[in-house]
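These notes are about the structure you will find just below.
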Amino acid sequence: MSELAGAPLSIDFAGLDAVIPFQVEPLDIRGRSVQLGPLLDKILDQHNYPAPVSKLLAEAIVLTVLLGTSLKFSGKFILQTQTDGPVSMIITDFQTPNSVRAYARFDEDALAACDSDSAAALLGNGVLALTIDQGAHTQRYQGIVQLDGIGLEEVARRYFRQSEQIPTEVRIAVGEVLTRREGASPVHSWRAGGIIAQFLPESEERARQRDLHGGDGAPEDDEFSVDDAWAEAQALVQTVADIELTDSEVEPERLLFRLFNEHGVRVFDSIALDAKCGCSTQKVENVLAGLSAQERENSVENGAISVKCEFCSATYEFSPGDFETA
């Protein structure tokens, strides 16, 4: 744990692909910040998506790791969309303590016809589900957010307001980097970053917000009663520019210092992330073994059963005879 009360150069930076938990006690906020680089390239290079799809999936990965690393138990945090937009499905999966995987489905014609690469335009209308799965013998917790022309930052705000009643502010940005090499073509890579801040005062009275009016005829002044500390924290996070989240020279620790140095910001041990898929030959074989003989027969092409993992694009091939019983 480090206190960024002085110059941020006095601490060790966690670097890329690591989530930084933080707390600003005078403002009663806690949160996490991250900047992704090689991890993002590894996931996106497995798919060769068009740039707008890669950018959207990168945003979803940032949001997933910001939320998933808050889990205090062994399990999964899953973000999934089902929509009518050019990108009809996104699944990002965080497995504690630090594994990340993701993929997207899209319609090439609809994507080409889309006149914007914003998350709202690419997703269209539908739903986004945020699922917490603690494994076998436990009940899943799932929150649903309606997608009606909103981006992923607003998704997080709505989720915490509707499901958790926690005032939350989020910023996410994704950028492309071209590194020039003498005598060779530039190297393309992705960079993304994000920050989430939540108002979590210990005082129950201070945390309480007035309920919104339940129907028509609400008075004009019927709004949330916003605590001054949260109003300041929210305003500070909203000042974060995209370049501050994606520039490798603006580490998350530097950004936190810029935002909160007047109050003193405390950073905790970082969580190093790893792009890792959970698929394996044994797991795929077990799934196929659970199918009926007719279902496996219908899956045979050119004398073999071939299965491709949508998360990491790994291909597993089996002979129909592998599943014959004596």
Legend entry - Gain on full stretching of the segment that runs from Thr96 to Arg180 - 0.36 nm per residue minus C-alpha separation: 26.6 nm
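Rank these for me by crowding, Ile61, Ile271, going from fewest to most other beta carbons within 10 Å.
Values: Ile61 31, Ile271 20.
Starting with the residue having the fewest Cβ neighbours, the order is Ile271, Ile61.
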Legend entry - the chain: most fluctuating residue of Thr69, Thr92, Thr315 per GNM, C-alpha cutoff 10 Å: Thr315
Legend entry - Residues Thr239, Thr81, Thr131 arranged by fewest to most Cβ contacts within 10 Å: Thr239, Thr131, Thr81
Legend entry - Distance (nanometres) between label positions extended 7 Å along Cα→Cβ at Ser70 and Leu200: 0.7
Inset, instruction - Sticking to Cα atoms, compute the Rg of the chain to one decimal and its Dmax as the biggest Cα-Cα distance, whole number, in Å. - result: 22.2, 76
Legend entry - Most positive-pole-ward Cα, Ser33, Gln82, Gln198, against dipole of the chain from beta carbon charges: Ser33
Inset, instruction - Work out which GluC sites (Glu not before Pro) in the chain are exposed loop sites (DSSP not H, G, I, E or B, at most 13 other Cβ within 10 Å) and give the longest gap free of them. - result: 1-181
Inset, instruction - Return the single residue from Pro167, Pro86, Pro186 with maximal mean-square fluctuation; model: Gaussian network over the chain, springs between Cα atoms under 10 Å. - result: Pro186
Legend entry - log10 of Debye I(q)/I(0), alpha-carbon scatterers only, for region 281-323 at 0.14, 0.20, 0.21, 0.30 Å⁻¹: -0.28, -0.58, -0.64, -1.20
Inset, instruction - Rounded to the nearest 10 degrees, what's the angle between the helix 228-238 long axis and the longest principal axis of the chain, both from Cα atoms, 0 to 90? - result: 50
Inset, instruction - Could you please rank Lys276, Lys283, placing first whichever residue has the fewest other Cβ atoms within 10 Å of its Cβ? - result: Lys283, Lys276
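Between Ser292 and Ala314, what is the FRET efficiency for a Förster distance of 25 Å, r being their Cβ-Cβ separation, to the nearest 0.05? Don't skip to the end; give the middle numbers.
Details: r = 25 Å, r/R0 = 1.00.
Rounded to the nearest 0.05, the efficiency is 0.50.
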Legend entry - region 101-115 - phi-based ³J(HN,Hα) in whole Hz, Karplus 6.51/-1.76/1.60, Gly and Pro as x: 8, 6, 7, 9, 10, 8, 9, 4, 5, 5, 5, 5, 7, 6, 9
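Read the figures in this text as sums done on the coordinates, not as results from a lab. Note that this is a predicted model, so its numbers are computed, not measured. Ideal geometry is used to build each Cβ from the backbone, glycine not excepted, and the neighbour counts take in all protein chains shown.
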